[in-house]
Amino acid sequence: MLAASELRIVNFHGIGKPGRAYEPGEAAYWISAERFRDILDRIADHPDRDRLAITFDDGNSSDLAIGAPELRRRGLTAQFFVLTGRIGEAGSLSDDDIRRLIDAGMDIGSHGIAHRDWSSLASEDLEDELVSSKTLLEGLCGMPVRSAAIPFGRYNAAVVAALRKAGYGTAYSSDGGSAKKSAFLKPRTSIRQDTTDAALERLLSGRDDPWRRLRRAAAMTVKEWI
């Protein structure tokens, strides 16, 4: 079971069809609207609901068209991490769409500009991804943007340091497992087409093998400091 200080973070990418060409490897992370509604039902009815969180990456138009209405029907909220370089493009959220998400009670965070691997960028390019996207979103949303989701979950010590320097208070990875509520770096688990009901229940309930938890924590520590 989840401890009071822990969260399990469920991450979605796209629902239905993208309305644009898939990026390489992206198709596996798009799920049907029916599966999405089923997962939200499980989250809404779960005894650990108060220790479950929901995020969305990439800023796809399905976030507003399908995601937000289904969340509101169940009294749920989520954080939406937007790629600012895609705002207004086919299949992506527009300026007005992002404002509608805020009006619906959702939070907005940065996923960078161009969906690049931050751990591979030169320091100037990394700073631009983090600072420029944050500044644009703050102007659009009319409020501070304090959270970022790391593209592809790839990070190292330089990425973590740059995120802190850019003024983010929380960064979300894709390491899986439980997240400490007070931690700067919070792992998430992304839902895929092949995510089984059994895997979903383990995620929601926090029923990890102790050795798996230790290995995951050790791996995160290594990436954060190297």
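The values are calculated or read from the model by the stated rules, or taken from the named source; none is laboratory data. These figures come from a predicted structure and were not determined experimentally. Here Cβ is always computed from backbone atoms with ideal geometry, including for glycine, and neighbour counts include all displayed protein chains. The protein model used for the area step is the full one, side chains on, heavy atoms only, and it has no ligands, DNA or RNA in it. Shrake-Rupley method; radii C 1.70, N 1.55, O 1.52, S 1.80 Å.
In plain terms, if you count all Cα to Cα distances in the range 139-194 and split them into 5 Å steps from zero, the share in each step is 5, 17, 26, 24, 15, 10, 4, 1 percent. Once the convex hull of all Cα atoms in the range 71-149 is built, its volume per residue stands at 98 Å³.
Accessible surface for residue 117 stands near 30 Å², nearest 10, in the context of the full protein assembly shown (1.4 Å probe). Between residue 180 and residue 89, the C-beta separation translates, for a Förster distance of 41 Å, into a calculated FRET efficiency of about 0.70.
Taking N as the number of residues in the range 57-101, what is its alpha-carbon radius of gyration divided by 2.2 N^0.38 Å? Present the calculation step by step, with values, prior to reporting the outcome.
On the way: Rg = 10.1 Å, N = 45, 2.2 N^0.38 = 9.3 Å.
Ratio of Rg to 2.2 N^0.38 Å for the range 57-101: 1.08.
Considering the range 1-118 at the alpha-carbon level, its Rg and Dmax are found to be 14.2, 42 Å.
Please state, to two decimals, what the Cα-based radius of gyration of the chain comes to when divided by 2.2 N^0.38 Å (N = residues). Relative to the 2.2 N^0.38 Å estimate, the chain comes out at 0.96.
Largest accessible area first, the listed residues 64, 76, 136 line up as 136, 64, 76 when surface is computed with a 1.4 Å probe on the assembled protein chains.
Separation of the range 5-38 from the range 78-133 is 17 Å, based on Cα centroids.
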